[in-house]
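The next block holds one structure in the form of structure tokens; read it before the comments.
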Amino acid sequence: MDYAKESLRLHEEWKGKIEVIATVPVESKEDLSLAYTPGVAQPCLEIQKDVSRSYELTRRHNLCAVITDGSAVLGLGDIGPEAGMPVMEGKCMLFKAMADVNAFDIEVDADDIDSFVDCVTRIAPTFGGICLEDIKAPECFEIERRLIERLDIPVMHDDQHGTAIVTAAAVINACRLTDKRFEDLHITTFGAGAAAIAIMRLLTAMGVDRDNVVMVDRRGVIHTRRDDLSPYKREFATRRDISSLDESLRGADVFIGVSKAGLLHPDMIRGMAPQPLIMALANPEPEIGMEEALAARPDAIYASGRSDLPNQVNNLLAFPYVFRGALDVRARRIDTPMKIAAAETLARLARHTPTQDEHRSGCEPAFCRERLLPTPFDGRLRHAVPHAVAEAAVRSGAARADCVPEQTVEAE
């Protein structure tokens, strides 16, 4: 199938992928008086007295905003807010289909960080959570930081943390298969943007030694001798005497590529540690193809961002369920313990041998080197990941404990 041609045809037919549907009837004068004026004045007054009642008396408890400025859309780059709308609509569609989270896309025409943050802050009272999307680095780091500081609802940049969660889950299971420990891993990343920084922040929080991390950007190895580094890159600058891409991979247990196609060559991975994990996540074409990688290193475990290859690292495994769990306990933020809980749960689901009923619901039958992660259509995701995220939020203090739904935090 020519996906580009067929998708364009269908988008012309669909004219949007989400819609607003009334949840209450408006079929009589009484219906109108209760759902609208004069009856609606009373819930307004209740919320005026206590803003937290907005979660009980409106859709806010289950409404997420998907917000972009269109500056880093997929692999298309800075194409503008209007051009990013088909992706944002798709994200909203996935929120609803996968985790029953209502989501609405908002495309912001903002030329600078201040105006973007101000816009999102002003509309935040409408929503229970903010999912930032397709915002270029390094602006995305500052935008997310400021919004987290200013808002009392969860804010997450999915390109950073959704990618990090699913990548971490794959690393957990690769370690299980190869009998390696997080604290012993040597990791090299190609790419040093939003996803790479978030991935390494999460992996180091989970036990990877920062001294064992080498990050490479378009100018070469990120080391402490460089004077052109942003604060975010300097966080992972190596002190080791490494100057080339080849050297950065010698003895490495894990390669994580969030850069562009063709950057990784077979000779580079021949010097990696035994049973390396090669995660070539550039889309649509990876840093190295699966056949080429496994021909050079038959003992490797290979993962990519492609749905037509084994071990797809897909943010869809994370973002709907992380927000579902956060909304369920009315979390103030999405913190590191919640992200770790999501990653560990994804890894555990992949290792679990499914029952016949689970297999029929989309769960794959076996954990192996070609199946590090659950599939996006695994029916267990809808319950297990939000449950783990909600429990982690309660333990970390991110949740508003007085509104924890009992069924969300009970033991599995």
A205 being of a type outside the set (S, T, N, Q), under 16 Å from T336 (Cβ atoms) and surrounded by 21 or more Cβ atoms within 10 Å (Cβ to Cβ): no
S248 being in contact with a strand residue (DSSP E or B) (Cβ under 6 Å, 6 or more places away or on another chain) and not in a helix (DSSP H, G or I): no
Some residue of segment 42-62 being touching an Asp or Glu at 6+ places or on another chain (Cβ under 6 Å), without any contact (Cβ under 8 Å) to a residue 24 or more places away in the chain and either assigned to a helix (DSSP H, G or I) or on the phi > 0 side of the Ramachandran plot (or both): yes
Test set (1) modelled with pLDDT under 95; (2) over 30 Å from A318 (Cβ atoms); (3) open to solvent by 90 Å² or more (accessible area, probe 1.4 Å) - L76 fails condition number: (2)
The listed residue being of a type in the set (G, A, S), closer than 19 Å to A198 by Cβ, open to solvent by less than 20 Å² (accessible area, probe 1.4 Å) and in a loop (DSSP other than H, G, I, E, B), out of A331, A343: A331
Per-region count, segment 79-90, residues part of a loop (DSSP other than H, G, I, E, B) and open to solvent by less than 70 Å² (accessible area, probe 1.4 Å): 5
Condition met for V214 (open to solvent by less than 10 Å² (accessible area, probe 1.4 Å) and outside any helix (DSSP H, G or I)): yes
Subset of segment 59-73 (residues that are more than 16 Å from the chain's Cα centre (by Cα) and either loosely packed, with under 15 Cβ neighbours inside 10 Å or closer than 13 Å to I135 by Cα (or both)): R59, D69, G70, S71
Residue among S248, S244, S259 that alone is more than 27 Å from I334 (Cβ to Cβ), modelled with pLDDT under 95, of a type outside the set (K, R) and crowded, with 20+ Cβ neighbours inside 10 Å: S248
Pairs, first touching a residue at least 40 places away in the same chain (Cβ under 8 Å) in segment 1-30, second of a type outside the set (A, V, I, L, M) and open to solvent by 80 Å² or more (accessible area, probe 1.4 Å), C-beta under 9 Å, six or more apart: I18/K96; I18/F104
Index of the failed condition, S52 passing every other in (1) open to solvent by less than 70 Å² (accessible area, probe 1.4 Å); (2) in contact with a helix residue (DSSP H, G or I) (Cβ under 9 Å, 6 or more places away or on another chain); (3) modelled with pLDDT of 95 or more; (4) closer than 29 Å to V329 by Cα: (3)
Residue count, segment 91-101 (criterion: open to solvent by less than 40 Å² (accessible area, probe 1.4 Å) and part of a loop (DSSP other than H, G, I, E, B)): 1
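The values are calculated or read from the model by the stated rules, or taken from the named source; none is laboratory data. It should be emphasised that the depicted structure is a prediction, and the values quoted were computed from it without experimental measurement. Quick reminder, even Gly has a Cβ in these numbers, built from the backbone with ideal geometry, and neighbours come from all protein chains shown. For accessibility, only protein heavy atoms count, side chains too; no ligands or nucleic acids. Shrake-Rupley method; radii C 1.70, N 1.55, O 1.52, S 1.80 Å.
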